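First the structure, in the form of structure tokens, and then the observations on it.
The values are calculated or read from the model by the stated rules, or taken from the named source; none is laboratory data. Computed from a predicted structure; not experimentally measured. Backbone-built Cβ (ideal geometry, glycine too); neighbour counts: all protein chains shown.
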Amino acid sequence: MSYAMQLLIHRGDICHGRMLLPLGLRPLLRTLSSGPRVSRSLRESYQLLQLELPDVGESSPAQVKEAYLRMAKLYHPDSGAATADEALFARVEEAYRAVLAHQSRLQSCGGSMEEEEEKVKGVAPQHRHYLSYEGVGSGTPSQRERQYRQFRVDRAVEQVLDYRQKEHETAAAAEGALVERDVRQRSRQIKVTQAVERLVEDLIQESMSRGDFRNLSGAGKPINKFEHNPYADPMTHNLNRILIDNGYQPPWIVTQRDIREDIAQIRERLLQGQARLTDPMNPREHAQWQQLCGVVADDLMKLNKTVDNFNLIAPMLTMQMVHFSLEREIDRAEKAAFQGRQESKRERVREWEEQRREREREREKRDKIKTHQHSWQGGLLAWMQNLLK
């Protein structure tokens with residue numbers, strides 16, 4: 001082969017010289033470049049990737065890529081394998097790039113060296129993308145695992161936020177439909193109310209024109225709406241009157257009523273428990289009384305909290321209430337029970353006296369009947385004796 005042909009075959013001369021070869025010479029150049037003239041470093045690259053040599057057979061780009069992935073999983077320093085070797089992996093990567101460059105050179109000789117390098121860089125896969133964790137993260141396997149977990153958490157949060165946003169939008173649309181329906185119903189009610197008011201006003205005007213209101217007792221006299229307090233604000237009075245007529249009660253009045261009802265129930269429970277006891281108490285009754293006092297103590301604690309809330313909302317200081325004490329309530333129940341016992345004793349004494357008087361009246365009645373019978377018998381005997389005489 002002549003020196004000129006070698007210059008034409010050499011890639012660098014063709015690329016940098018911007019020479020356009022005839023169509024007949026291109027197959028010849030491809031054959032010569034793919035022939036036995038393969039450098040030692042390229043052969044070592046094929047052997048390192050465990051591929052067939054160019055003079056034995058051709059390897060497809062898919063086979064080259066698969067061989068590179070297999071070697072990367074074995075020798076990559078972050079793969080976690082026992083055969084990991086950073087220097088060897090660098091050699092594998094250089095061999096992979098050389099093989100790709102050789103195959104691309106076999107396919108086409110057009111373009112400059114810079115364009116071919118960019119093409120090789122674009123085709124070469126990034127080894128991290130073909131490891132685990134969906135190609136997310138960098139660093140050691142444990143670091144990539146943590147980064148992948150955080151990535152999954154962030155993705156889940158985004159999905160949840162999207163779902164909630166869709167739910168809120170759906171609820172807002174439904175609420176908007178309900179509000180629109182309520183507005184339509186309210187507008188119809190307002191129209192009906194206005195029609196009724198106009199009808200009533202027309203009837204009143206007709207009655208006034210006929211003179212139906214001239215014979216009223218208060219005709220021509222001012223209406224005294226505020227006899228109880230002439231200094232009250234009319235608007236405030238009307239509002240209070242409307243609230244009272246509709247059964248409204250201020251919160252402090254409701255709370256005060258609840259406190260009175262609760263303390264009345266507690267006192268009734270203590271009084272009934274004290275009334276069932278004997279004097280003196282036996283051990284069983286003493287245990288029952290102690291249990292009842294414990295329950296009442298818990299109820300009084302809750303009631304005292306309600307008293308504190310009432311004192312905060314009471315309109316005047318004179319309306320505030322003091323806490324209820326268990327000792328005072330027990331003393332109150334004992335006094336009431338004692339008075340009840342005394343009253344029951346007096347009631348029994350009165351009943352006994354009434355029964356004794358009733359018995360005495362019955363005995364006197366029987367004595368009168370007997371005396372009358374004796375007197376009647378004595379008179380009959382005296383009349384018979386007189387008759388016989």
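General remarks:
- Residue identified as under 45 Å from the mean Cα position of the chain (by Cα), assigned to a helix (DSSP H, G or I), surrounded by fewer than 13 Cβ atoms within 10 Å (Cβ to Cβ) and not aliphatic (A, V, I, L, M) among 308, 262: 308
- For region 120-146, residues that are more than 20 Å from residue 73 (Cα to Cα) and at pLDDT 50 or above total 1.
- The combined condition, being assigned to a helix (DSSP H, G or I), of a type outside the set (Ser, Thr, Tyr) and within 30 Å of residue 78 (Cα to Cα), is not fulfilled by residue 183.
- Verdict on residue 329 being surrounded by 16 or more Cβ atoms within 10 Å (Cβ to Cβ), assigned by TED's automatic domain parsing to the domain that holds residue 261 and of a type in the set (D, E, K, R): yes
- Residues of region 246-291 satisfying the condition of being hydrophobic (A, V, I, L, M, F, W, C), touching a residue at least 40 places away in the same chain (Cβ under 8 Å) and closer than 30 Å to residue 309 by Cβ: 252, 259, 263, 266, 270, 271
- Test: residue in region 233-244 that is surrounded by fewer than 10 Cβ atoms within 10 Å (Cβ to Cβ), of a type in the set (Val, Ile, Thr), in a helix (DSSP H, G or I) and not assigned by TED's automatic domain parsing to the domain that holds residue 80: yes
- Which listed residue is touching a helix residue (DSSP H, G or I) at 6+ places or on another chain (Cβ under 7 Å) and modelled with pLDDT under 80, from 57, 17, 80: 80
- Here region 203-221 is the region considered, the condition is being surrounded by 10 or more Cβ atoms within 10 Å (Cβ to Cβ) and not acidic (Asp, Glu), and the residue that is modelled with the lowest pLDDT is 213.
- Meets criteria (surrounded by 12 or more Cβ atoms within 10 Å (Cβ to Cβ) and under 30 Å from residue 337 (Cα atoms)) for residue 284: no
- Within region 245-259, being among the hydroxyl-bearing types (Ser, Thr, Tyr) and assigned to a loop (DSSP other than H, G, I, E, B) holds for one residue alone: 248.
- Of all residues in region 86-119 being assigned to a loop (DSSP other than H, G, I, E, B) and either out of contact with any Cys (no Cβ under 6 Å at 6 or more places or on another chain) or closer than 22 Å to residue 72 by Cα (or both), the one that is modelled with the highest pLDDT: 108
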